[in-house]
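For reference, the structure is listed below as structure tokens.
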Amino acid sequence: MGKVTGFLEFDRELPSKRPVQERIHDYKEFVHRYTDQKLNQQAARCMDCGVPFCHNGCPLGNLIPEFNDAVYREDWEEAYEVLSFTNNFPEFTGRICPAPCESACVLGINNPAITIEEIEKHIIEIAFDKGLVKPRKPSIRTGKKIAVIGSGPAGLAAAAQLNYAGHSVTVFERDDAPGGLLRYGIPDFKLEKWVIDRRISLLEEEGVVFKCNANVGVDVSINDLLREMQAIVLAGGSTIPRNLDIPGRELKGIYFAMDFLKQQNQRVSKTTVSGPDVFATGKNVVVIGGGDTGSDCVGTSNRHGAKAITQFELLPKPAAERNVYMPWPTFPMTLKITSSHEEGADRHWAVATKEFIGDDEGNLKALKIVDLEWKIGSDGRAAHFVEVQGSAREIPCELALLAMGFVHPQHDGLLNELDIEKDDRGNVRATEKSYQTNISKIFTAGDMRRGQSLVVWAISEGRECARKVDEFLMGCSSLESKDESFLCREVGKV
């Protein structure tokens, strides 16, 4: 490594942020960049650890010590080359990835881990600043045509890789602009949409064709695609939200989180808003669900000017630090305090919502809730619960946002029309070895195959699926795989 004693000399330090009272009045990203000196110091903390567990902790197999070393030496061309070898979209993962690589960092055994995610973001932004990011055009075209259905991170990654292999790729997106979850699920204060547009422009220069407002099975005939295309990739994501079917669910003022978040992203983008306006302004807001989507609802509600924001989680409060049930280098289920929580929210764990209570006009006015007592199993996980007697109570609520995750992709329409086989969870059935469905020329990747997951996993799935499609069409593939990135690290070749 560039500075083998760096981890002894420098502490982990994250970039500064705009103050809370400033940033909650707009939807701009608020994390500043490191100074050149701070970036150099953070990269210098990467140890010569022998076995880089971070590499395995990353679903993409990113060559993390190698790009950290290049950053320390300020060799930006090498840093960008190493990073882009395994990751098509580091500008996305550098902003919104929960960084499982950092959980596997060797330094993290007894010290704060390397700031891998921030370094990754800095590499790609510096590469764009310096003009190092150029369209990656194929040298020859194969004559094969491929349809990618869905333009989220999995679909974009599959399209990018297949286009580079020389195939002609058309991406179909039912929304008015590409990006999927990135565009209409992630708030702008975490990922401004010019970041997506910049990448889409590059993909178009490379030869990828995007067709928006094109819902396959509705606006576009799947039978036509089956006739015209040599392969089809289903990358529509996991879009059916988990519902809370309790008394009062029909009241006005109860919405799925993604409907709320998509509307606000549409407002920021100055596009047509879907459905009746949903605002948190002046309301008692309760977010039901303690994950990242719930956190995004908290941040958006703060920017709307909510009267009060409460977030409930069914499970017990996580531990603040690793315990014997989550040893290094596994991804620890520890307490997470997001930037949205820093902006203000009253958080409660081990709480169940029993009933939505309305007024005489059918509007939500309160929730009936109850505390839970969880029994912990031998593996340290919450196994089952009982309601705490006498804890039932009502709290005021005029806006309830259901952020309890997603159960499976949409079955009605395309999947049922194709008679695609599904697994026990309702996802499209396909193995990791082939990514192929029960219809030979149709493949699938991302949340549609593995269920609700991380953006970094979606990109990994898209890349691996592309390789399998390429092998299906050509008999072999020169596209990189995650296994190949391990090999390249061993031989010191990128």
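Each reported figure results from applying straightforward, stated rules to the coordinates on display, with no laboratory input. Everything quoted here is computed from the prediction, not taken from an experiment. Please note: Cβ atoms are built from the backbone with ideal geometry, for glycine as well, and neighbour counts cover all protein chains shown.
With neighbour counts taken as other beta-carbon atoms within 10 Å, the residues HIS408, HIS122, HIS341 rank, fewest first, as HIS341, HIS408, HIS122.
Residues in region 182-191 carry Karplus couplings, in order, of 4, 8, 10, x, 8, x, 5, 5, 9, 8 Hz; the curve used is 6.51 cos²θ - 1.76 cosθ + 1.60 with θ = phi - 60°, and Gly or Pro positions show x.
Convex hull volume per residue, computed on the Cα atoms of region 298-367, equals 114 Å³.
At an R0 of 45 angstrom, the distance between the Cβ atoms of SER440 and LYS137 translates into a FRET efficiency of 0.95.
Residue separation of ASP245 and GLU355 scaled by 0.36 nm, minus their Cα-Cα distance, works out to 38.7 nm of gained length.
For the listed residue pairs LYS193/LYS365; LYS38/LYS137; LYS121/LYS270; LYS375/LYS468, the alpha carbons are over 32 angstrom apart in LYS193/LYS365; LYS38/LYS137; LYS375/LYS468.
Is region 243-404 rounded, prolate or oblate when judged by the Cα gyration tensor, a ≥ b ≥ c being the square roots of its eigenvalues, rounded requiring a/c under 1.5 and prolate requiring a/b larger than b/c? Here region 243-404 falls in the oblate category. Taking a ≥ b ≥ c as the square roots of the eigenvalues of the Cα gyration tensor, region 205-266 is classed as prolate, since a/c reaches at least 1.5 and a/b is larger than b/c. Computed over region 6-134, the quotient of the alpha carbon radius of gyration and 2.2 N^0.38 Å is 1.03.
Rounded to the nearest 500, the 222 nm mean residue ellipticity of the chain from helices alone is -9500 deg cm²/dmol, with -39,500 (n - 2.57) taken per DSSP H run of at least 4 residues. Using the Cβ-Cβ distance between THR338 and ARG227 with R0 set to 56 Å, the FRET efficiency from 1/(1 + (r/R0)^6) comes to roughly 0.75. Spherically averaged projected area of the convex hull of Cα atoms, region 66-196: 9.4 nm².
Using a Förster radius of 56 Å, what is the FRET efficiency between GLU204 and GLN389 based on their Cβ-Cβ separation? Nearest 0.05, please. Efficiency for this residue pair is about 0.35.
Please label the shape of region 369-424 as rounded, prolate or oblate, based on the square roots a ≥ b ≥ c of the eigenvalues of the alpha-carbon gyration tensor (a/c under 1.5 means rounded; beyond that, a/b larger than b/c means prolate, else oblate). Cα axes put region 369-424 in the oblate bin. In vacuum, with every alpha carbon of the chain counted as one equal point scatterer, what does the Debye formula give for log10 I(q)/I(0) at q = 0.05, 0.09, 0.10, 0.11 Å⁻¹? Two decimals, please. With no solvent term, the Cα-only Debye profile gives -0.20, -0.67, -0.83, -1.01. By the count of other C-beta atoms within 10 Å, a proxy for reagent exposure, CYS465, CYS58, CYS97 are ordered fewest to most as CYS97, CYS58, CYS465.
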